[in-house]
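No value in this document is a laboratory result; all are computed from the given coordinates. Not measured: the values here are computed from a predicted model. Every residue, glycine as well, gets a Cβ built from its backbone with ideal geometry; the counts of neighbours run over all protein chains shown.
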């Protein structure tokens, strides 16, 4: 009898569990799940930018924008903005020679001394010039840091190590350690090329051999009319290993061994210096054209004076596709990254139109391609906007909300940088949750998603995430460790669909407040990014 009752209890328990899972969701939660079920299905094969499956996903979003009552905001009266893409990769192993002053040329060995980088802007890159070591390659006056002080790099190749000083703020540190930022700084100072020197890692072997295995991995950007990518900084010739650096630093005032010792200190003091020789490099790049689309829908503003202003709500539609190696499931479905962000964008559009009250400013809903390729779709849009760039007053970005728990607070990256801060704080409070500071400033998340392309045009922008109070911290850590950019980011995760409408509600309140505010958002006076990119500044 006891055994029978136990068995019956197990059956009843499993039946109750099945019933709970199978019970119909409320309409708003079901709508969120339905979008994710389609966009993160195996049929979409990870929605990689430039793939046929991404194009299907873009058509799905366009249809949902139409159903939500949005006006087309793309090309030729439609919802799609065509984005010309180009895939580029190293065409061969390149040729690099170091010629010490007064000595014979020394060819650098591929995979031992160097690994080449492709040049997005040219099929062949030929340079021969003296080399100047510039530490981290950073110019940051607000931190009293100038790696170019005392050296002339005009017409020369600059060499720098990766990273940035630990004393920099998290978001600024992420910005300054970016290779793109360093290459742009080098170009502005007159350099003709750059090389990155492999940063020593205590107790770990050189990583140059692993880099060599993937030297010809394709990268992607948007294409110019010439069929190549746009180059915004000095061309990066490649990465020099520690063994290669020892050759380049021979005879220098500060030899490479001294640089390595300095980098091991808590606060390194790197001395910029000319190196004693000339670097001659030839690298070749292969280009393959591709195409994709951003999806654009709009709600025209109702106020005669404010309707010309545009508030953008953005989210990326692409993910990383199918893994090239591995066993078992290799489809990176991208359920939380970022199908659920796109689902939130669609449902937020429906809230605007269902409210029966048009926003005073025009509100644009923008699903972009190529975020996983380096913020490519948002970069293309901000350089080729479908509305006048000066009319865009703010961007609110939705990227990878982790909705596997009941969130108790929200993090809004960038809120403290502009007058969007008080708007965000009030909107979050009115939704019954608190606003928390960035719990991981060292990650520099503010500069790593699509809103940053708007920041680079001087437009105040914020990026929203559920916070890490209560169960949030453990949930975020679990996702990042086990599911981020893995095939397991699919619907098998314990997604709490009740949190979808809550997340949409907060976003809606923020967007509505920005759209109906009497004045446009302004950068806080003295903010680094607002000043750097010449955005509208508060008093």
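Ranked by the mean number of other Cβ atoms within 10 Å of their residues, highest first, the peptides 496-505, 517-526 fall in the order 496-505, 517-526. Computed extension gain for residue 481 through residue 209, at 0.36 nm per residue and net of the alpha carbon distance, reaches 95.3 nm. In plain terms, the residue of 103, 378, 206 with the fewest other Cβ atoms within 10 Å comes first and the most crowded comes last, giving 103, 206, 378. A full extension of the chain between residue 224 and residue 537 corresponds to an added length of 109.4 nm, given 0.36 nm per residue minus the alpha carbon distance. The DSSP beta bridges internal to segment 380-491 are antiparallel in roughly 35% of cases.
Given a Förster distance of 60 angstrom, what is the FRET efficiency for residue 491 paired with residue 253, based on the Cβ-Cβ distance and rounded to 0.05?
Here the calculated transfer efficiency is 0.50.
So what's the angle, to the nearest 10 degrees on a 0 to 90 scale, between helix 2-22 and the longest Cα principal axis of the chain? Orientation of helix 2-22: about 80 degrees from the principal axis. Among 143, 215, 79, the ranking by other beta carbons within 10 Å of each residue's beta carbon, starting with the fewest, stands as 143, 215, 79.
Note: segment 334-421, Cα convex hull, 142 Å³ per residue.
The C-alpha atoms of the chain define a longest principal axis, and helix 499-516 lies at about 80 degrees to it.
Distance from the C-alpha centroid of segment 471-487 to that of segment 390-462: 20 Å, rounded to the whole angstrom.
Spatially, segment 146-183 and segment 252-271 are offset by 16 Å when compared through their Cα centroids. Here each label is just a point 7 Å from Cα along the line to Cβ, and for residue 263 and residue 56 those points are 4.6 nm apart.
At full extension, residue 416 and residue 307 could sit 36.6 nm farther apart than now, given 0.36 nm per residue minus the alpha carbon distance.
Percent antiparallel among DSSP beta bridges with both residues in segment 88-287, to the nearest 5?
If we restrict to bridges inside segment 88-287, about 70 percent are antiparallel.
By DSSP, the beta bridges lying fully in the chain are antiparallel in about 60 percent of cases. If you take the Cα centroid of segment 29-47 and the Cα centroid of segment 307-323, the two points sit 16 Å apart. Think of it as helices only: each DSSP H run of n ≥ 4 in the chain is worth -39500 (n - 2.57), and spread over all residues that comes to -9000 deg cm²/dmol at 222 nm. Relative to the longest principal axis of the Cα atoms of the chain, the long axis of helix 472-482 makes an angle of roughly 60 degrees. By the count of neighbouring beta-carbon atoms within 10 Å, fewest first, 241, 128, 41 end up ordered 128, 41, 241. Site pair residue 243 and residue 217 shows an inter-label distance of 2.2 nm when each label is modelled 7 Å from Cα along Cα→Cβ.
FRET efficiency for the pair residue 406 and residue 282, taken as 1/(1 + (r/R0)^6) with r the Cβ-Cβ distance and R0 = 56 Å, rounds to 0.45.
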